[in-house]
Amino acid sequence: MLHRGHESTDGTDGGELAVPMAWLYAEYIADELLRTGDLMPPTSFEFRAGRDALALTVFLSDTDGELSGIRVISQLENWLSLTAYDQPWRDWVRARMAELTERAAGSDAPDPDPDLALAADAWRWLEETELLAPDLDAVPGGGGVFGEDDGPKVWTPAWRLGLPLGHLAIHLF
């Protein structure tokens, strides 16, 4: 599949590789937001969870198919609302992924969309990977005073940890 905008007009494909620019740009935005927030080391699994959750939010909220650097600031409020605690983010991701997958299947492109493939990989990792994290649902005052590493911990799907980290990173930006 050719990079969008470089399709051949004579029916030949030219042998060019498809570059997943939309996904890479969404991942770059997410990475910058998290690094600016300085919430965790960039080499940690928590950082990856936050980056992937934010990148999915950025990528899937781009309904026009054109992420623009100038629109990043104007999209921050939208991303904040999508990642808010009381929002059904997981259901929204599933619905948008299904919609994009259906649209890609209905297109006449011979190869799968590389952007969508990377987004699907990130979503699979977020759903299937569990990280040991503080139990955010623990009853306050249920025990002694705990330090950061002393409190109760639970295995948590990566998206449940990455989503609030991404949301906080947007706030800190």
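Key figures for this structure:
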| quantity | calculated |
| --- | --- |
| Residue that is most open to solvent (accessible area, probe 1.4 Å) [pool: residues in the range 71-92 that are in contact (Cβ under 8 Å) with a residue 40 or more places away in the chain and β-branched (Val, Ile, Thr)] | Val72 |
| Matching residues in the range 66-80 - criterion: being modelled with pLDDT under 70 and touching a helix residue (DSSP H, G or I) at 6+ places or on another chain (Cβ under 7 Å) | Leu67 |
| Leading residue by the ranking (surrounded by the most Cβ atoms within 10 Å (Cβ to Cβ)) among those in the range 95-135 that are outside any helix (DSSP H, G or I) and without any contact (Cβ under 8 Å) to a residue 12 or more places away in the chain | Ser107 |
| Pair list, Cβ under 6 Å, 6 or more apart: the range 22-46 residue polar (S, T, N, Q), other residue open to solvent by 70 Å² or more (accessible area, probe 1.4 Å) | Thr36/Phe173 |
| Residue selected from the range 27-55 under the condition surrounded by fewer than 21 Cβ atoms within 10 Å (Cβ to Cβ) and acidic (Asp, Glu), by the criterion nearest to Ala117 (Cα to Cα) | Asp31 |
| Filtered residue count, the range 37-65, keeping only those that are over 12 Å from Leu82 (Cβ atoms) and modelled with pLDDT of 90 or more | 13 |
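The values are calculated or read from the model by the stated rules, or taken from the named source; none is laboratory data. Just so we're clear, the structure is a prediction, and the values are computed from it rather than from any experiment. Note: ideal-geometry Cβ built from the backbone for every residue, glycine included; neighbour counts use all protein chains shown. Heavy atoms of the whole protein, side chains included, go into the accessibility calculation; ligands, DNA and RNA do not. Shrake-Rupley method; radii C 1.70, N 1.55, O 1.52, S 1.80 Å.
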